[in-house]
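Read through the structure below, which is laid out as structure tokens, and then see the notes.
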Amino acid sequence: MVGSRKIQATNGYSEVMVMRVDDESYEIAMNKTFGGENHQGIPWDQVAYDMIITPMPVISYLVTGYRDTTLTSATTPPGLFLTQVWGNGSVLFDSLYFNNNLHHIAGRSIQPAIGGGYIIACSFREDGGGTDQTLVTRMVKNEEGRYGTVDMPSYRIIPVGLNGYARWIRQFGDGYLMGGTAYNTPNTKMDLFIQKLDADRNFEWEKFYGWEESDEFGDALIHGDTVYIAGTGKVLVPGTTFYKEQIYVNRVDASGEVVWENTYGGTLRHFANKVMMTGEGDLLVAGFYYDASMHSQMILMKIDAQTGDSLWTQEYGDFYSAGIRDAIRTEDYGYLTVGRANYSATQSPTVYVMKLDHGNETAHLSIPRHFLDIPIAPASTATDVINFTADADEIYGVRVQIDSLLHPSVGDLEVSISHGGKTATLADRPIHSGENFLRTSFGDMEYRQLDWDYAPYTGRYLPEDPLSVFLSSSPAGDWTLSVTDHGGGALKATSRVLEGWTLNLLTEATAVSTMPIQEMLANFGLEQIRPNPIGQEAFISFRISTPGPVKLKVYNQLGQMVEQLANEDLPEGVHERMWQPGSLAPGAYFFHLESGGMISVRKAVLAR
């Protein structure tokens, strides 16, 4: 998570804050702030607006926003900054751009660029005054590890309407799509807009949306050739001359033409900050609303993506002031939201993270296949099959995770999943080859592509072929994972093996499988590793739902087993083992518990 916080209440100066939360315990794993001061001892004023995970063997984050280093000098106004931060919070790279003139420039959105590097959409105000416009630039890392512009010209200024700028940019088709808010007519009313650019950042077309009063852009979602735009629009209160804010959502086609548009919210003021897609293919809109006491509260709204009909609205918490700023999908088809909240007028707002399930309308079934050790020979195909039996008649969502696939050159591999006579390719010889797929998850709702990253591939990606080919069919039958090695045998001697993968299905809530079911999983699994991070020793507690053979192993982040803590028959109940890492290198380690056909995995960090 990235944002900003005030460092001096009297003058409003801000510093950048980057926070990382563990994806299993949801405890804070890293929390760093970044700032500076000029030669007069006056703090910089800087605000972060966006962040992206960079494709490196070790996780890092690239943060953008604006920074004013002088505050008192008109000759060096705010400029665009880029800061690259390691997963432990240390700064790898930091630089300020376009601050050597009178223009005010701030980085608003950063995404992978066509041709490599990162595309950044910035707000631009010439000479510190005049109208707002959008500045678009592409930054590429050089051999010295510094980011700089490589195109000519180094940036393009894209006007929009009479006054406005983009705060969102994504790759779309053969170019880019930008979204934001702008004054479109002389009556000083703001509208939502999207603009299409070509691959060289040249303007192609623009469209404006909203009602007769001012509207505010919140977020947009690209799904295939369809775009969903969410924000806030002012609508007339019936029987009055007053307007109130309501959540505005529309669906537009690849040329920007409206398929449907609607507002949501009822009698109170509602605001949208995020739109995303659910496992069933509907829309989930997150934001906040003002209750009858004029205190803001968190809200989620589910909308039918095909028709725009409201399906349900859910409110969260009992705060003095709160709101959801962003949200992501989790592997179990649930959601993780982030925003800020405070419980009283005297309490300063704090970062608030909330984990939500997928609801009771559907059932999430996770079928793991671990400790397979299936060899992958050059110029051949290796397969593994899950035979699934269920009462459900329909699939609403499919995710496939490659938990561990060890190979010296994954750029030679094609990975696919087959079921019911249909096949979807997950990965097809990614261009940045290297070693291993580790916890590599594929789903239709993702945006990142493998070709944007580098091996070892870890994270969540868009598959080569849509997994939606399996939707609306029965989940019962064989699910076959195939790994084809198109390479030869001249690579360095190393393991070529599929160690494990997991099939995640979202089905009808009545689904019952002969594989591990949710009731059994409730009494099985690893507890939190204590302590975490680990020093000289750690205690691993785990639950066994039925008596039988139990294996507990420890793996490093390369997928190599470093120790086996249990390999024995154990009775039903709670058990504990101690682990002493000895001279093992610091880093992430994974604890694998296997019993009765079920798998539980926990991650811990070894610190020295």
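The values are calculated or read from the model by the stated rules, or taken from the named source; none is laboratory data. Not measured: the values here are computed from a predicted model. Don't worry about glycine lacking a Cβ; one is built from the backbone with ideal geometry, like all the others, and counts go over all protein chains shown.
For (1) in contact with a Phe, Trp or Tyr (Cβ under 6 Å, 6 or more places away or on another chain); (2) in a loop (DSSP other than H, G, I, E, B), each residue gets a yes or a no:
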position: D384; (1), (2): no, no
position: V398; (1), (2): yes, no
position: D403; (1), (2): yes, no
position: S416; (1), (2): no, no
position: P430; (1), (2): no, yes
position: L438; (1), (2): no, no
position: S468; (1), (2): no, no
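Test I324 against the stated conditions and say whether it is surrounded by fewer than 15 Cβ atoms within 10 Å (Cβ to Cβ) and either within 14 Å of the chain's Cα centre (by Cα) or modelled with pLDDT of 90 or more (or both).
no
Confirm whether W501 is more than 30 Å from I52 (Cβ to Cβ), aromatic (F, W, Y), under 28 Å from the mean Cα position of the chain (by Cα) and modelled with pLDDT of 85 or more. Before the answer, list the steps.
Details: more than 30 Å from I52 (Cβ to Cβ): no; aromatic (F, W, Y): yes; under 28 Å from the mean Cα position of the chain (by Cα): yes; modelled with pLDDT of 85 or more: yes.
Taking the combined requirement at face value, the residue does not satisfy it.
Within the set of pairs 6 or more residues apart or between chains, which connect a residue that is within 13 Å of T381 (Cβ to Cβ) inside segment 407-422 to a residue that is of a type in the set (K, R) and buried (at least 17 other Cβ atoms within 10 Å of the Cβ) with Cβ atoms less than 7 Å apart?
Filtered contacts from segment 407-422: D412/R429; L413/R429; E414/R429.
In the list I374, I395, I402, I417, which residue meets the criterion of being more than 26 Å from V275 (Cα to Cα), of a type in the set (V, I, T) and at pLDDT below 90? Can you show your working first?
Details: I395 fails: more than 26 Å from V275 (Cα to Cα); I402 fails: at pLDDT below 90; I417 fails: at pLDDT below 90.
After applying the criteria, what remains is I374.
Do we find that G443 is under 20 Å from D478 (Cβ atoms) and either surrounded by fewer than 22 Cβ atoms within 10 Å (Cβ to Cβ) or within 19 Å of the chain's Cα centre (by Cα) (or both) in this structure?
On the way: under 20 Å from D478 (Cβ atoms): no; either surrounded by fewer than 22 Cβ atoms within 10 Å (Cβ to Cβ) or within 19 Å of the chain's Cα centre (by Cα) (or both): yes.
Judged against the criteria, G443 is not a match.
Tell me, which residue of segment 544-556 that is at pLDDT below 90 and surrounded by fewer than 18 Cβ atoms within 10 Å (Cβ to Cβ) is nearest to Q580 (Cα to Cα)?
Applying the first criterion (at pLDDT below 90) to segment 544-556 yields 544-548, 555-556.
Pick out the ones that are also surrounded by fewer than 18 Cβ atoms within 10 Å (Cβ to Cβ) and you get 546-548, 556.
Working: T546: 28, P547: 27, G548: 26, N556: 14 Å.
Ranking the candidates gives N556 first.
Could you run through segment 276-306 and say how many residues are farther than 20 Å from T507 by Cβ, touching a strand residue (DSSP E or B) at 6+ places or on another chain (Cβ under 7 Å) and not in a strand (DSSP E or B)?
Residues that pass the stated criteria total 2.
Among the residues in segment 243-262, are any in a loop (DSSP other than H, G, I, E, B), β-branched (V, I, T) and more than 23 Å from the chain's Cα centre (by Cα)?
Taking segment 243-262 as the starting set, the residues that turn out to be in a loop (DSSP other than H, G, I, E, B) are 253-257.
From what's left, β-branched (V, I, T): none.
For segment 243-262, residues in a loop (DSSP other than H, G, I, E, B), β-branched (V, I, T) and more than 23 Å from the chain's Cα centre (by Cα): absent.
For (1) at pLDDT 90 or above; (2) buried (at least 18 other Cβ atoms within 10 Å of the Cβ); (3) touching a Cys at 6+ places or on another chain (Cβ under 7 Å); (4) among the small types (G, A, S), each residue gets a yes or a no:
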position: F34; (1), (2), (3), (4): no, yes, no, no
position: E37; (1), (2), (3), (4): no, no, no, no
position: G41; (1), (2), (3), (4): no, no, no, yes
position: D45; (1), (2), (3), (4): no, yes, no, no
position: A48; (1), (2), (3), (4): yes, yes, no, yes
position: V58; (1), (2), (3), (4): no, no, no, no
position: Y61; (1), (2), (3), (4): yes, yes, no, no
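Looking for whichever is acidic (D, E) and more than 27 Å from N504 (Cβ to Cβ) here; the options are E594, E568. Which one fits?
Numbers: E594 fails: more than 27 Å from N504 (Cβ to Cβ).
That would be E568, the only listed residue that is acidic (D, E) and more than 27 Å from N504 (Cβ to Cβ).
If you go through segment 558-566 one residue at a time, do you hit one that is assigned to a loop (DSSP other than H, G, I, E, B), in contact (Cβ under 8 Å) with a residue 60 or more places away in the chain and either assigned by TED's automatic domain parsing to the domain that holds F437 or under 25 Å from G87 (Cα atoms) (or both)? Talk me through it step by step, then tell me what you get.
The initial filter retains those residues of segment 558-566 that are assigned to a loop (DSSP other than H, G, I, E, B), namely 558-560.
If we keep only those that are in contact (Cβ under 8 Å) with a residue 60 or more places away in the chain too, we end up with 558-559.
Cutting the leftovers down to either assigned by TED's automatic domain parsing to the domain that holds F437 or under 25 Å from G87 (Cα atoms) (or both) gives us 558-559.
Taking every residue of segment 558-566 in turn, at least one turns out to be assigned to a loop (DSSP other than H, G, I, E, B), in contact (Cβ under 8 Å) with a residue 60 or more places away in the chain and either assigned by TED's automatic domain parsing to the domain that holds F437 or under 25 Å from G87 (Cα atoms) (or both).
Look at A377 and say whether it is surrounded by fewer than 16 Cβ atoms within 10 Å (Cβ to Cβ), hydrophobic (A, V, I, L, M, F, W, C) and over 26 Å from the mean Cα position of the chain (by Cα).
On the way: surrounded by fewer than 16 Cβ atoms within 10 Å (Cβ to Cβ): yes; hydrophobic (A, V, I, L, M, F, W, C): yes; over 26 Å from the mean Cα position of the chain (by Cα): yes.
Considered against the rule, which asks whether it is surrounded by fewer than 16 Cβ atoms within 10 Å (Cβ to Cβ), hydrophobic (A, V, I, L, M, F, W, C) and over 26 Å from the mean Cα position of the chain (by Cα), A377 comes out as yes.
Conditions: (1) within 24 Å of D225 (Cβ to Cβ); (2) without any contact (Cβ under 8 Å) to a residue 60 or more places away in the chain. M276 meets all but one. Number of the miss?
Of (1) within 24 Å of D225 (Cβ to Cβ); (2) without any contact (Cβ under 8 Å) to a residue 60 or more places away in the chain, only one is false for M276: (2).
Just name the residue that is farthest from V415 (Cα to Cα) out of those in segment 330-358 that are of a type in the set (G, A, S) and surrounded by fewer than 19 Cβ atoms within 10 Å (Cβ to Cβ). Explain how you work it out, then say what you get.
Kept after step one, since they are of a type in the set (G, A, S), are these residues of segment 330-358: 334, 339, 341, 344-345, 348.
Then keep just the ones that are surrounded by fewer than 19 Cβ atoms within 10 Å (Cβ to Cβ); that gives 334, 344-345, 348.
Details: G334: 26, S344: 52, A345: 54, S348: 49 Å.
Looking at the filtered set, the residue picked out is A345.
Based on what the data block shows, is R201 in a loop (DSSP other than H, G, I, E, B) and either in the same structural domain as G179 (by TED's automatic domain parsing) or at pLDDT 95 or above (or both)?
Numbers: in a loop (DSSP other than H, G, I, E, B): yes; either in the same structural domain as G179 (by TED's automatic domain parsing) or at pLDDT 95 or above (or both): yes.
Here the answer is yes, as R201 does meet what is asked.
Residues in segment 187-200: is at least one under 26 Å from G443 (Cβ atoms), among the hydrophobic types (A, V, I, L, M, F, W, C) and within 19 Å of the chain's Cα centre (by Cα)?
Looking through segment 187-200, none of the residues is under 26 Å from G443 (Cβ atoms), among the hydrophobic types (A, V, I, L, M, F, W, C) and within 19 Å of the chain's Cα centre (by Cα).
Could you tell me whether V160 is under 21 Å from M1 (Cβ atoms), touching a residue at least 12 places away in the same chain (Cβ under 8 Å) and in the same structural domain as M30 (by TED's automatic domain parsing)? Break it down stepwise before answering.
Numbers: under 21 Å from M1 (Cβ atoms): no; touching a residue at least 12 places away in the same chain (Cβ under 8 Å): yes; in the same structural domain as M30 (by TED's automatic domain parsing): yes.
For V160, the condition - under 21 Å from M1 (Cβ atoms), touching a residue at least 12 places away in the same chain (Cβ under 8 Å) and in the same structural domain as M30 (by TED's automatic domain parsing) - is not met.
Let me confirm something: among G231, G224, which residue is surrounded by 17 or more Cβ atoms within 10 Å (Cβ to Cβ) and either over 18 Å from M301 (Cα atoms) or touching a residue at least 24 places away in the same chain (Cβ under 8 Å) (or both)? Steps first, answer last, please.
Numbers: G224 fails: surrounded by 17 or more Cβ atoms within 10 Å (Cβ to Cβ).
Among G231, G224, only G231 is surrounded by 17 or more Cβ atoms within 10 Å (Cβ to Cβ) and either over 18 Å from M301 (Cα atoms) or touching a residue at least 24 places away in the same chain (Cβ under 8 Å) (or both).
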